[in-house]
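The values are calculated or read from the model by the stated rules, or taken from the named source; none is laboratory data. Predicted model only: the values in this text are computed from it and were never measured. Virtual Cβ from ideal backbone geometry, glycine too; neighbours counted across all protein chains shown.
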Amino acid sequence: MGLDMDLIVLMPFFNEEMQIPVTVERMIPLLDGLNLHYSLLMIDDGSSDGTWKAIEAAAREFPEKVRGISLSRNFGKEAAICAGLDTADADAVILMDGDLQHPPESIPEMLRLWREDGFEIVEGVKSSRGREGFFSKIQAKLFYGLFRRLSGYDLSDASDFKLLDRKVVAKWRMLSEHNTFFRGLSAWLGFKRTTFFFDVADRQTGKSRWKISGLIRLSVHAITSFSAIPLHLITLIGSVFLIGTLILVVQTLINYFSGEAASGFTTVIIVNLAVGASLMISLGLIGTYIALIFDEVKNRPRYIISEDTRSVRDLNIRPENATKGKES
(Lines give C-alpha, C1' and ligand atoms only; values in the text may rest on other atoms or scores of the structure.)
Protein backbone atom coordinates (compact mmCIF):
# COMPACT_ATOMS: atom_id res chain seq x y z
CA MET A 1 0.00 0.00 0.00
CA GLY A 2 1.12 3.51 -0.71
CA LEU A 3 0.13 7.03 0.21
CA ASP A 4 -1.34 7.59 -3.26
CA MET A 5 -4.75 6.26 -2.20
CA ASP A 6 -7.47 7.51 0.15
CA LEU A 7 -9.59 5.30 2.38
CA ILE A 8 -12.62 6.17 4.47
CA VAL A 9 -13.89 3.73 7.10
CA LEU A 10 -17.57 4.43 7.63
CA MET A 11 -19.12 3.48 10.99
CA PRO A 12 -22.73 4.14 12.10
CA PHE A 13 -23.37 4.45 15.85
CA PHE A 14 -26.49 4.58 17.98
CA ASN A 15 -26.21 4.97 21.76
CA GLU A 16 -22.61 3.69 21.82
CA GLU A 17 -21.03 6.24 24.17
CA MET A 18 -18.72 3.71 25.82
CA GLN A 19 -17.75 2.07 22.51
CA ILE A 20 -16.36 5.15 20.75
CA PRO A 21 -12.98 5.35 22.58
CA VAL A 22 -12.59 1.56 22.31
CA THR A 23 -13.15 1.69 18.57
CA VAL A 24 -10.79 4.62 18.03
CA GLU A 25 -8.08 3.03 20.16
CA ARG A 26 -8.21 -0.14 18.09
CA MET A 27 -8.70 1.35 14.64
CA ILE A 28 -6.09 4.13 14.61
CA PRO A 29 -2.99 1.92 15.19
CA LEU A 30 -4.23 -0.66 12.69
CA LEU A 31 -4.85 1.90 9.94
CA ASP A 32 -1.61 3.77 10.71
CA GLY A 33 0.26 0.58 9.89
CA LEU A 34 -1.20 0.42 6.37
CA ASN A 35 0.76 3.46 5.10
CA LEU A 36 -2.13 5.24 3.38
CA HIS A 37 -4.31 8.31 3.69
CA TYR A 38 -7.38 7.43 5.72
CA SER A 39 -10.08 8.76 7.99
CA LEU A 40 -12.74 7.32 10.24
CA LEU A 41 -16.19 8.68 9.39
CA MET A 42 -18.42 8.18 12.44
CA ILE A 43 -22.15 8.71 12.01
CA ASP A 44 -24.19 9.37 15.15
CA ASP A 45 -27.73 8.24 14.31
CA GLY A 46 -29.52 10.53 16.73
CA SER A 47 -28.24 8.92 19.91
CA SER A 48 -29.82 9.89 23.23
CA ASP A 49 -26.68 9.29 25.32
CA GLY A 50 -23.22 10.86 25.08
CA THR A 51 -22.27 9.23 21.77
CA TRP A 52 -21.93 12.54 19.92
CA LYS A 53 -19.77 14.07 22.65
CA ALA A 54 -17.51 11.00 22.52
CA ILE A 55 -17.22 11.36 18.73
CA GLU A 56 -16.41 15.06 19.08
CA ALA A 57 -13.72 14.23 21.63
CA ALA A 58 -12.17 11.70 19.25
CA ALA A 59 -12.27 14.23 16.40
CA ARG A 60 -10.49 16.83 18.57
CA GLU A 61 -7.83 14.31 19.54
CA PHE A 62 -7.31 13.08 15.95
CA PRO A 63 -8.51 15.98 13.75
CA GLU A 64 -6.98 14.56 10.58
CA LYS A 65 -8.08 10.99 11.21
CA VAL A 66 -11.58 11.19 12.69
CA ARG A 67 -14.63 12.96 11.34
CA GLY A 68 -18.03 12.90 13.00
CA ILE A 69 -21.50 13.59 11.62
CA SER A 70 -24.61 13.79 13.80
CA LEU A 71 -28.11 13.24 12.42
CA SER A 72 -30.92 15.39 13.79
CA ARG A 73 -32.75 12.31 15.12
CA ASN A 74 -32.69 8.54 14.92
CA PHE A 75 -33.41 7.84 11.25
CA GLY A 76 -32.27 4.19 11.39
CA LYS A 77 -29.12 2.37 10.32
CA GLU A 78 -30.00 2.39 6.62
CA ALA A 79 -30.34 6.19 6.62
CA ALA A 80 -27.10 6.53 8.57
CA ILE A 81 -25.34 4.42 5.92
CA CYS A 82 -26.77 6.71 3.23
CA ALA A 83 -25.51 9.77 5.10
CA GLY A 84 -22.02 8.29 5.24
CA LEU A 85 -21.91 7.21 1.61
CA ASP A 86 -23.24 10.59 0.45
CA THR A 87 -20.47 12.30 2.46
CA ALA A 88 -17.53 9.95 1.86
CA ASP A 89 -15.08 11.09 -0.82
CA ALA A 90 -12.27 8.56 -1.18
CA ASP A 91 -10.83 5.98 -3.55
CA ALA A 92 -12.40 3.27 -1.40
CA VAL A 93 -14.98 3.22 1.38
CA ILE A 94 -15.20 0.43 3.95
CA LEU A 95 -18.47 0.12 5.81
CA MET A 96 -18.35 -1.72 9.12
CA ASP A 97 -20.19 -1.83 12.45
CA GLY A 98 -18.83 0.55 15.04
CA ASP A 99 -19.12 -2.09 17.78
CA LEU A 100 -16.24 -3.99 16.06
CA GLN A 101 -18.24 -7.17 15.58
CA HIS A 102 -16.83 -6.81 12.09
CA PRO A 103 -13.14 -7.58 12.73
CA PRO A 104 -10.85 -4.67 11.71
CA GLU A 105 -8.06 -7.21 11.12
CA SER A 106 -9.82 -8.11 7.85
CA ILE A 107 -9.22 -4.63 6.41
CA PRO A 108 -5.72 -5.31 4.97
CA GLU A 109 -7.07 -8.33 3.06
CA MET A 110 -10.03 -6.31 1.81
CA LEU A 111 -7.68 -3.63 0.51
CA ARG A 112 -5.47 -6.25 -1.15
CA LEU A 113 -8.42 -7.79 -2.98
CA TRP A 114 -9.49 -4.33 -4.13
CA ARG A 115 -6.13 -2.91 -5.11
CA GLU A 116 -4.19 -5.93 -6.38
CA ASP A 117 -6.97 -8.16 -7.70
CA GLY A 118 -9.15 -5.35 -9.04
CA PHE A 119 -12.41 -6.16 -7.26
CA GLU A 120 -14.74 -3.18 -6.96
CA ILE A 121 -16.87 -4.62 -4.14
CA VAL A 122 -15.34 -6.79 -1.43
CA GLU A 123 -17.99 -8.14 0.91
CA GLY A 124 -17.75 -10.01 4.17
CA VAL A 125 -19.75 -13.20 4.68
CA LYS A 126 -20.36 -14.52 8.17
CA SER A 127 -18.78 -17.93 8.76
CA SER A 128 -20.54 -17.87 12.14
CA ARG A 129 -23.16 -15.55 13.60
CA GLY A 130 -21.52 -15.23 17.00
CA ARG A 131 -23.72 -15.08 20.09
CA GLU A 132 -26.85 -14.14 18.20
CA GLY A 133 -30.12 -15.08 19.89
CA PHE A 134 -32.07 -18.16 18.85
CA PHE A 135 -35.06 -16.22 17.50
CA SER A 136 -32.77 -13.82 15.62
CA LYS A 137 -31.07 -16.76 13.91
CA ILE A 138 -34.43 -18.29 12.95
CA GLN A 139 -35.69 -14.94 11.68
CA ALA A 140 -32.50 -14.42 9.63
CA LYS A 141 -32.76 -17.88 8.09
CA LEU A 142 -36.41 -17.36 7.14
CA PHE A 143 -35.75 -13.88 5.78
CA TYR A 144 -32.79 -14.82 3.60
CA GLY A 145 -34.64 -17.87 2.29
CA LEU A 146 -37.67 -15.78 1.33
CA PHE A 147 -35.52 -12.99 -0.08
CA ARG A 148 -33.62 -15.44 -2.29
CA ARG A 149 -36.81 -16.96 -3.67
CA LEU A 150 -38.64 -13.69 -4.18
CA SER A 151 -35.85 -11.41 -5.42
CA GLY A 152 -33.33 -13.82 -6.94
CA TYR A 153 -30.46 -12.48 -4.79
CA ASP A 154 -28.77 -14.86 -2.37
CA LEU A 155 -27.74 -12.85 0.70
CA SER A 156 -27.34 -15.81 3.05
CA ASP A 157 -25.03 -14.86 5.93
CA ALA A 158 -24.34 -11.55 4.17
CA SER A 159 -23.30 -8.50 6.17
CA ASP A 160 -22.81 -4.75 5.85
CA PHE A 161 -19.04 -5.30 6.17
CA LYS A 162 -18.03 -4.22 2.66
CA LEU A 163 -15.43 -2.31 0.70
CA LEU A 164 -16.81 -0.17 -2.12
CA ASP A 165 -14.73 1.36 -4.90
CA ARG A 166 -15.22 5.05 -5.66
CA LYS A 167 -17.20 4.26 -8.82
CA VAL A 168 -19.58 2.02 -6.85
CA VAL A 169 -20.22 4.79 -4.32
CA ALA A 170 -20.90 7.21 -7.19
CA LYS A 171 -23.52 4.86 -8.66
CA TRP A 172 -25.03 4.29 -5.20
CA ARG A 173 -25.65 8.02 -4.91
CA MET A 174 -27.74 7.84 -8.09
CA LEU A 175 -30.28 5.54 -6.43
CA SER A 176 -33.25 7.73 -5.64
CA GLU A 177 -35.51 5.59 -3.45
CA HIS A 178 -36.20 6.91 0.02
CA ASN A 179 -36.24 3.54 1.77
CA THR A 180 -33.03 1.62 1.12
CA PHE A 181 -31.75 -1.88 1.93
CA PHE A 182 -27.98 -1.63 1.67
CA ARG A 183 -27.19 -5.34 1.39
CA GLY A 184 -29.74 -5.86 -1.35
CA LEU A 185 -28.98 -2.70 -3.31
CA SER A 186 -25.23 -3.28 -3.20
CA ALA A 187 -25.89 -6.71 -4.77
CA TRP A 188 -28.25 -5.15 -7.34
CA LEU A 189 -25.56 -2.64 -8.41
CA GLY A 190 -23.40 -5.45 -9.78
CA PHE A 191 -19.73 -4.60 -10.48
CA LYS A 192 -16.78 -6.93 -10.06
CA ARG A 193 -17.13 -8.44 -6.61
CA THR A 194 -15.66 -11.05 -4.33
CA THR A 195 -16.29 -12.30 -0.80
CA PHE A 196 -14.28 -13.25 2.24
CA PHE A 197 -15.36 -15.02 5.42
CA PHE A 198 -15.17 -13.71 8.97
CA ASP A 199 -16.35 -14.69 12.42
CA VAL A 200 -18.65 -12.25 14.18
CA ALA A 201 -16.76 -10.98 17.21
CA ASP A 202 -18.27 -10.49 20.65
CA ARG A 203 -19.26 -6.97 21.61
CA GLN A 204 -16.79 -5.32 23.98
CA THR A 205 -19.29 -2.85 25.42
CA GLY A 206 -23.07 -2.64 25.71
CA LYS A 207 -25.49 -4.89 23.87
CA SER A 208 -27.17 -5.00 20.50
CA ARG A 209 -29.90 -2.36 19.96
CA TRP A 210 -31.70 -4.53 17.42
CA LYS A 211 -35.08 -5.87 18.52
CA ILE A 212 -37.07 -8.68 16.93
CA SER A 213 -39.78 -6.19 15.91
CA GLY A 214 -37.19 -3.99 14.19
CA LEU A 215 -35.72 -6.95 12.33
CA ILE A 216 -39.19 -8.00 11.18
CA ARG A 217 -39.93 -4.49 9.88
CA LEU A 218 -36.60 -4.43 8.04
CA SER A 219 -37.33 -7.87 6.55
CA VAL A 220 -40.78 -6.84 5.31
CA HIS A 221 -39.39 -3.63 3.84
CA ALA A 222 -36.48 -5.40 2.15
CA ILE A 223 -38.67 -8.04 0.52
CA THR A 224 -41.38 -5.64 -0.67
CA SER A 225 -38.74 -3.21 -1.99
CA PHE A 226 -37.14 -5.87 -4.17
CA SER A 227 -40.07 -7.98 -5.32
CA ALA A 228 -43.72 -7.61 -6.38
CA ILE A 229 -44.29 -11.35 -6.03
CA PRO A 230 -46.16 -10.95 -2.70
CA LEU A 231 -48.80 -9.00 -4.63
CA HIS A 232 -49.22 -11.96 -6.97
CA LEU A 233 -50.00 -14.09 -3.93
CA ILE A 234 -53.35 -12.31 -3.83
CA THR A 235 -54.15 -13.73 -7.26
CA LEU A 236 -53.01 -17.16 -6.09
CA ILE A 237 -55.20 -16.96 -2.98
CA GLY A 238 -58.15 -15.93 -5.12
CA SER A 239 -57.53 -18.81 -7.51
CA VAL A 240 -57.41 -21.31 -4.65
CA PHE A 241 -60.72 -20.07 -3.31
CA LEU A 242 -62.25 -20.09 -6.79
CA ILE A 243 -61.30 -23.75 -7.18
CA GLY A 244 -62.66 -24.50 -3.71
CA THR A 245 -65.89 -22.67 -4.55
CA LEU A 246 -66.36 -24.67 -7.73
CA ILE A 247 -65.83 -27.92 -5.81
CA LEU A 248 -68.40 -26.87 -3.19
CA VAL A 249 -70.88 -25.87 -5.91
CA VAL A 250 -70.56 -29.27 -7.59
CA GLN A 251 -70.89 -31.06 -4.24
CA THR A 252 -73.94 -28.98 -3.30
CA LEU A 253 -75.67 -29.66 -6.61
CA ILE A 254 -75.01 -33.38 -6.34
CA ASN A 255 -76.39 -33.47 -2.79
CA TYR A 256 -79.40 -31.38 -3.83
CA PHE A 257 -80.41 -33.53 -6.77
CA SER A 258 -79.78 -36.75 -4.83
CA GLY A 259 -82.01 -35.55 -2.02
CA GLU A 260 -79.19 -35.55 0.54
CA ALA A 261 -78.78 -31.80 0.96
CA ALA A 262 -77.75 -30.70 4.48
CA SER A 263 -77.92 -27.35 6.19
CA GLY A 264 -74.13 -26.94 5.95
CA PHE A 265 -73.92 -24.41 8.76
CA THR A 266 -70.41 -25.49 9.81
CA THR A 267 -69.18 -25.36 6.24
CA VAL A 268 -70.58 -21.87 5.76
CA ILE A 269 -68.88 -20.59 8.94
CA ILE A 270 -65.51 -22.11 7.96
CA VAL A 271 -65.72 -20.70 4.44
CA ASN A 272 -66.65 -17.23 5.72
CA LEU A 273 -63.76 -17.21 8.19
CA ALA A 274 -61.30 -18.40 5.51
CA VAL A 275 -62.51 -15.81 3.00
CA GLY A 276 -62.36 -13.05 5.62
CA ALA A 277 -58.80 -13.98 6.64
CA SER A 278 -57.72 -14.09 3.00
CA LEU A 279 -59.22 -10.67 2.35
CA MET A 280 -57.39 -9.20 5.36
CA ILE A 281 -54.08 -10.72 4.22
CA SER A 282 -54.63 -9.40 0.71
CA LEU A 283 -55.48 -5.92 1.96
CA GLY A 284 -52.43 -6.01 4.21
CA LEU A 285 -50.13 -6.83 1.29
CA ILE A 286 -51.65 -4.08 -0.82
CA GLY A 287 -51.40 -1.66 2.09
CA THR A 288 -47.69 -2.43 2.54
CA TYR A 289 -46.94 -1.52 -1.07
CA ILE A 290 -49.14 1.58 -0.91
CA ALA A 291 -47.25 2.70 2.20
CA LEU A 292 -43.94 2.30 0.33
CA ILE A 293 -45.30 4.35 -2.56
CA PHE A 294 -46.58 6.98 -0.11
CA ASP A 295 -43.11 7.31 1.46
CA GLU A 296 -41.52 7.73 -1.96
CA VAL A 297 -43.91 10.34 -3.35
CA LYS A 298 -43.52 12.56 -0.27
CA ASN A 299 -39.89 12.95 -1.35
CA ARG A 300 -38.63 13.79 2.12
CA PRO A 301 -34.86 13.58 2.67
CA ARG A 302 -33.51 10.26 3.88
CA TYR A 303 -31.82 12.02 6.78
CA ILE A 304 -30.93 15.45 8.11
CA ILE A 305 -27.44 16.33 9.33
CA SER A 306 -27.47 18.55 12.39
CA GLU A 307 -23.76 18.74 13.22
CA ASP A 308 -20.42 18.00 11.59
CA THR A 309 -17.01 18.08 13.26
CA ARG A 310 -15.67 19.70 10.11
CA SER A 311 -16.77 23.04 8.73
CA VAL A 312 -19.91 23.36 6.61
CA ARG A 313 -17.87 24.10 3.50
CA ASP A 314 -16.37 20.61 3.71
CA LEU A 315 -19.73 18.88 3.52
CA ASN A 316 -19.98 16.70 0.43
CA ILE A 317 -23.55 17.50 -0.54
CA ARG A 318 -24.93 16.33 -3.86
CA PRO A 319 -25.77 19.20 -6.24
CA GLU A 320 -29.46 18.28 -6.49
CA ASN A 321 -29.74 18.64 -2.71
CA ALA A 322 -27.78 21.87 -2.38
CA THR A 323 -30.98 23.88 -1.82
CA LYS A 324 -31.83 21.71 1.16
CA GLY A 325 -28.88 22.86 3.21
CA LYS A 326 -27.63 19.86 5.15
CA GLU A 327 -30.36 17.55 3.95
CA SER A 328 -29.90 14.64 1.54
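Looking at LEU30, is it more than 27 Å from ARG173 (Cβ to Cβ) and at pLDDT 90 or above? Full working, then the answer.
Working: more than 27 Å from ARG173 (Cβ to Cβ): yes; at pLDDT 90 or above: yes.
Considered against the rule, which asks whether it is more than 27 Å from ARG173 (Cβ to Cβ) and at pLDDT 90 or above, LEU30 comes out as yes.
Inside the stretch 275-306, can you point out the residues that are over 26 Å from PRO12 (Cα atoms) and touching a residue at least 24 places away in the same chain (Cβ under 8 Å)? Break it down into steps so the answer makes sense when it comes.
Within the stretch 275-306, the subset over 26 Å from PRO12 (Cα atoms) is 275-291, 293-294, 297.
Selection gives VAL275, SER278, ILE281, SER282, LEU285, ILE286, THR288, TYR289.
Which residue, of LEU292, LEU285, is in a helix (DSSP H, G or I), in contact with a helix residue (DSSP H, G or I) (Cβ under 7 Å, 6 or more places away or on another chain) and either under 22 Å from LYS77 (Cβ atoms) or modelled with pLDDT under 55 (or both)? Write out each step before concluding.
Working: LEU285 fails: either under 22 Å from LYS77 (Cβ atoms) or modelled with pLDDT under 55 (or both).
Of the residues listed, the single one that is in a helix (DSSP H, G or I), in contact with a helix residue (DSSP H, G or I) (Cβ under 7 Å, 6 or more places away or on another chain) and either under 22 Å from LYS77 (Cβ atoms) or modelled with pLDDT under 55 (or both) is LEU292.
Does LEU71 qualify as being at pLDDT 90 or above, surrounded by 19 or more Cβ atoms within 10 Å (Cβ to Cβ) and over 27 Å from ARG302 (Cβ atoms)? Can you show your working first?
Numbers: at pLDDT 90 or above: yes; surrounded by 19 or more Cβ atoms within 10 Å (Cβ to Cβ): yes; over 27 Å from ARG302 (Cβ atoms): no.
No, not satisfied.
If a residue must be of a type in the set (Val, Ile, Thr) and under 18 Å from ASP295 (Cα atoms), how many such residues does the stretch 179-195 contain? Explain how you work it out, then say what you get.
Quick first cut of the stretch 179-195, residues of a type in the set (Val, Ile, Thr) only: 180, 194-195.
From the residues that got through so far, the ones that are under 18 Å from ASP295 (Cα atoms) too are 180.
The number of residues fulfilling the criteria is 1.
From the residues in the stretch 1-25 that are part of a helix (DSSP H, G or I) and touching a helix residue (DSSP H, G or I) at 6+ places or on another chain (Cβ under 6 Å), which one is surrounded by the most Cβ atoms within 10 Å (Cβ to Cβ)?
Let us first name the residues in the stretch 1-25 that are part of a helix (DSSP H, G or I), namely 19-25.
Narrowing the set further to residues that are touching a helix residue (DSSP H, G or I) at 6+ places or on another chain (Cβ under 6 Å) leaves 20, 24.
Numbers: ILE20: 26, VAL24: 22.
Looking at residues that are part of a helix (DSSP H, G or I) and touching a helix residue (DSSP H, G or I) at 6+ places or on another chain (Cβ under 6 Å), I get ILE20.
Under the condition of being touching a Lys or Arg at 6+ places or on another chain (Cβ under 6 Å) and surrounded by fewer than 18 Cβ atoms within 10 Å (Cβ to Cβ), which residue from the stretch 154-172 is modelled with the highest pLDDT?
ASP157
For the stretch 63-110, enumerate the residues that are in a helix (DSSP H, G or I) and touching a strand residue (DSSP E or B) at 6+ places or on another chain (Cβ under 8 Å).
Residues of the stretch 63-110 that are in a helix (DSSP H, G or I), as a first pass: 77-87, 104-110.
Those that are in a helix (DSSP H, G or I) and touching a strand residue (DSSP E or B) at 6+ places or on another chain (Cβ under 8 Å): LYS77, ALA79, ALA80, ILE81, ALA83, GLY84, LEU85, THR87, SER106, ILE107, GLU109, MET110.
Could you list, in sequence order, all residues of the stretch 170-203 that are charged (D, E, K, R) and free of Cβ contacts under 8 Å to residues at least 24 places away in the same chain? Lay out the reasoning, then the answer.
Taking the stretch 170-203 and keeping what is charged (D, E, K, R), we get 171, 173, 177, 183, 192-193, 199, 202-203.
LYS171, the sole residue that qualifies.
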